[in-house]
């Protein structure tokens, strides 16, 4: 057994104040001065105002213990079966009060990170609150709960873990991030990391499963199916057309012998990825034989989209300023684990909404500006998946009258709905209500003619009930309303 | 949208109920090129998902 567990202590407490203190903490668990995911985690804690780090000794982590049982325990030169858990707090905690935290101390909790006793891939399950500079970003957050020596604590953040290069590879780590987010939301049951490896079918690859050399997309898809999150997969070489979204032109001259990979120029990937991030689903990216996960997006001062990533080589909350200027450009594939009953893609839902809105607006004289806006790009569509209950909850502040709110909340909707909003883009940036129309579609609808559940236009909301019941119409205001989306 | 008087608002609502109650008819009256555009977009989604199995499907992520 390696000397990893201190037999006399349940914890020790650190109060890092300067650069040197943080570097010392990182050096406890890293071999060199190369930037590692742990450095990024400590930086996130520091930017969040961390004043106390509590190191929980001899922590039995369900994920690491599963890895230990399945792999590390079988090695001749074995590792310790125990992990450590670092807890980060914004408050100054006192050692003698750790068993009974005050409410203000508990609410200053910034998250946790599990440290594995293995040579590569020290960082296990980690959930850290996002740093303050991401307060305005759309993030695929999940809330997590921990018992801190008996005191229940909670943190809302994006899950992260690192590959160990032998048993868990980047594809496993990326799949786990998508899985743990869904598990914490109650969409799927919780699986530990060794189950993620076990559920990755080796029959789809000529390689041995362990030690792992990674997963191909077919194995990833099989894994996501087994996890209850069958993925929508797009290759960058053939992204779909979506009505209202500009089709970019390849920079290559006609007949060029070598083609520039679309990961350098196909701007459609941005809107595809944002549809699913808007829906709260992490998006796995395959690039240069590496997998990482996009967990959010925001706009810079000039309105350009930036992505937020969890890359197991980098750490949580990495900002990607442009997908065309990333160290792994050109990206090659987009993998979106989604609930099984989402048969309709966001892309088809948005095209259908575009068709319906144009059809309605072109045939209504007073709405000619909407028809024109959809054509000239001054009105853009923004799409997100919502559970029926989340949608009904979120519209409370957006409905223009109590009568409309009542009708929408009593509408019989499927569990998951696509919500497509038509935004007047000039109003989006200045904080004014910008939604001029919206379409809600059944996520289980037939792709060839997806049916509508709700159509909201200026002055009117129409609800299409199931079972061939009469269309319900409710009068509303003619003014634009606010968006369900945080960033748009 | 310009501010509407109550009479215009009533007309707009009447028109929207008429169009929205017969959505298939409303879509059918739409310019044929738009209908084609929708069909092309819908086909391209199916095509994109099929093609994902070929080139990018061979890569190993590790």
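Within the range A:12-21, not a single residue is in contact with a helix residue (DSSP H, G or I) (Cβ under 6 Å, 6 or more places away or on another chain), surrounded by 20 or more Cβ atoms within 10 Å (Cβ to Cβ) and in a strand (DSSP E or B). Exactly one residue among A:441, A:462, A:448 is facing another protein chain (nearest Cβ under 9 Å), modelled with pLDDT of 95 or more and closer than 30 Å to residue B:43 by Cβ, and that residue is A:462.
Residues in the range A:197-215 that are surrounded by 16 or more Cβ atoms within 10 Å (Cβ to Cβ), more than 13 Å from every other protein chain (Cβ to nearest Cβ) and over 27 Å from the mean Cα position of the chain (by Cα): there are none.
The set of residues in the range A:329-378 being outside any helix (DSSP H, G or I) and facing another protein chain (nearest Cβ under 7 Å) consists of A:332, A:333, A:345, A:363, A:364.
Considering the range A:234-251, and only residues there that are more than 17 Å from residue A:420 (Cβ to Cβ) and part of a loop (DSSP other than H, G, I, E, B), the residue that is nearest to the other protein chains (Cβ to nearest Cβ) turns out to be A:239.
If only residues of the range A:452-476 that are in contact with a helix residue (DSSP H, G or I) (Cβ under 9 Å, 6 or more places away or on another chain) and part of a loop (DSSP other than H, G, I, E, B) are counted, the one that is farthest from residue A:378 (Cα to Cα) is A:470. Looking across the range A:172-195, the residues that are out of contact with any helix residue (DSSP H, G or I) (no Cβ under 6 Å at 6 or more places or on another chain), in a helix (DSSP H, G or I) and touching a residue at least 60 places away in the same chain (Cβ under 8 Å) come down to A:173, A:174, A:177, A:178, A:179, A:181, A:182, A:195. When every residue of the range A:452-467 is checked against the conditions, none turns out to be more than 24 Å from residue B:24 (Cα to Cα) and free of Cβ contacts under 8 Å to residues at least 12 places away in the same chain.
Kindly establish whether residue A:390 is more than 9 Å from chain B (Cβ to nearest Cβ) and either touching a residue at least 24 places away in the same chain (Cβ under 8 Å) or more than 25 Å from the chain's Cα centre (by Cα) (or both). When the stated conditions are applied, residue A:390 does not pass them. What number of residues within the range A:100-121 are modelled with pLDDT of 95 or more, exposed (fewer than 15 other Cβ atoms within 10 Å of the Cβ) and part of a loop (DSSP other than H, G, I, E, B)? Residues flagged as modelled with pLDDT of 95 or more, exposed (fewer than 15 other Cβ atoms within 10 Å of the Cβ) and part of a loop (DSSP other than H, G, I, E, B) within the range A:100-121 amount to 3.
The values are calculated or read from the model by the stated rules, or taken from the named source; none is laboratory data. Predicted model only: the values in this text are computed from it and were never measured. Positions of Cβ are generated from backbone atoms using ideal geometry, with glycine treated the same way; all protein chains shown enter the neighbour counts.
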